[in-house]
């Protein structure tokens, strides 16, 4: 596990230096002031509990993927962590996983009936792809992806029964029905491509479009849905965001909160594309990877990929 974490720390460092440049439902108790975030849960770095992505249950429980542990876990409003699923290890230990060299559990979304969908990149054809976990069930793969892909960000369009998958290595977005099957390429626009490390990363559906980040280019993209739900030409909505990972809309139009992994920051991105730093390592961030927002509260997993100190779940107000 130490070797795996070291590999990820190295990869995250490369990403940071290679770049030049709120829904509804109850929530965990929010801090009293915007400047007083709190850590809701600490995770075990030695066990690979590096939280990569997050989804929220209606009762305020957070569901996170542990990147290096091949696990999906829940974190209760009181901070109790429960492992929901551990995925099978690839025969080679994951050394052929593109770029990273270890098996990665990445994007996660939750359907209204409680079904979880999440992504697994293992470097092997028998395991890489989209996985499903129904309440009370066991995890199983419902959509295969190429062994040389790196499925990362995930978005759910539940009314249309579609999922969208970001392949950060191939620079593509796939789509597949929620029932599973063989994914098809929805967009392979050049703006999604990597520039040495990872390209398209986080995904969210908002304002009749699929929004995406590109880590290597430090950009936020808006990809409108065409009349047949096809991908239209991407629009660049923000630039200069070195190390941008996943993100969330705050509930105020097109305003975004985004995690900047390597720089150890969370920024607020205005509709005009300008950004303001709202959280830093001084607030407890340890390489933030993703964000979920509900009722004015932001939930921010930190994976400690390069800080190697304290992977955690930070809770803060998302409003000014």
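The values are calculated or read from the model by the stated rules, or taken from the named source; none is laboratory data. Because the structure is predicted, anything quoted here is derived from the model rather than measured. For neighbour counting, all protein chains shown are included, and Cβ atoms are generated from backbone atoms with ideal geometry for every residue, glycine included.
Summary table below
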| quantity | calculated |
| --- | --- |
| Residue within the range 7-19 that is at pLDDT 95 or above, assigned to a helix (DSSP H, G or I) and buried (at least 23 other Cβ atoms within 10 Å of the Cβ) present | no |
| Candidate set: the range 68-83, residues that are assigned to a loop (DSSP other than H, G, I, E, B) and touching a strand residue (DSSP E or B) at 6+ places or on another chain (Cβ under 6 Å); chosen: the one surrounded by the most Cβ atoms within 10 Å (Cβ to Cβ) | 70 |
| Failed item in (1) closer than 19 Å to residue 38 by Cα; (2) surrounded by fewer than 22 Cβ atoms within 10 Å (Cβ to Cβ); (3) in contact with a helix residue (DSSP H, G or I) (Cβ under 9 Å, 6 or more places away or on another chain), with residue 308 passing the rest | (1) |
| Strands (runs of 3 or more DSSP E) enclosed by the range 131-249 - at least 2 residues per element that are crowded, with 21+ Cβ neighbours inside 10 Å | 151-157, 162-167, 172-177, 200-206, 209-214, 219-224, 244-249 |
